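The values are calculated or read from the model by the stated rules, or taken from the named source; none is laboratory data. It should be emphasised that the depicted structure is a prediction, and the values quoted were computed from it without experimental measurement. Cβ coordinates were reconstructed from backbone atoms using ideal geometry, including for glycine residues, and neighbour counts include every protein chain displayed.
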Amino acid sequence: MKRPVSLRGARRASKQSLLKDCLTSLAMTLVCTTISFASPPTSITLTYNFSKGSLHVEAVHPSFNLDKSYVRLMNVYLNGVQVSTLNYFRQNDYNEFTDDVPLTAQAGDIIRVELFCTLGGDMTKDLTVIKPEETPPNQSAGAGTNAEEK
């Protein structure tokens, strides 16, 4: 024979179920909120400087808090081979990430940069290095930057 459920026992089970549902909803809200704040860089500009042997990386990456939302990792590839992994612990500007990476490249090389945000977003940009134009001896060579972005 089944034992009758008391009104007190039914209320306790109902309260436990309600508490469980509330905690589940709160957890899902927190997860979704964190995901919605993930802000990958919105654009990346790459320039290669032959005379310095340096890759200049600029990325538009808005940050609401420089200690919590910043570009945390940059991977650099040269012709498909990873040549550099750089970790960062803060972004210097609320709107932009910049860095110069020592890199030796030749005309025709393909440089790929991957940037990762602390809150989960990422972006990739490729650059095909082109040969700098020859400058007549009486003119300044300028920055020596020549590249084609993709």
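Key figures for this structure:
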{"item": "Selection from region 48-64 of residues that are surrounded by fewer than 17 Cβ atoms within 10 Å (Cβ to Cβ) and either closer than 12 Å to D99 by Cβ or over 15 Å from the mean Cα position of the chain (by Cα) (or both)", "result": "S51, K52, G53, E58"}
{"item": "Leading residue by the ranking (nearest to D122 (Cα to Cα)) among those in region 50-78 that are of a type in the set (S, T, N, Q) and at pLDDT 95 or above", "result": "N75"}
{"item": "Hits in region 65-112 (condition: touching a residue at least 40 places away in the same chain (Cβ under 8 Å), of a type outside the set (S, T, N, Q) and surrounded by fewer than 16 Cβ atoms within 10 Å (Cβ to Cβ))", "result": "K68, L73, D100, P102"}
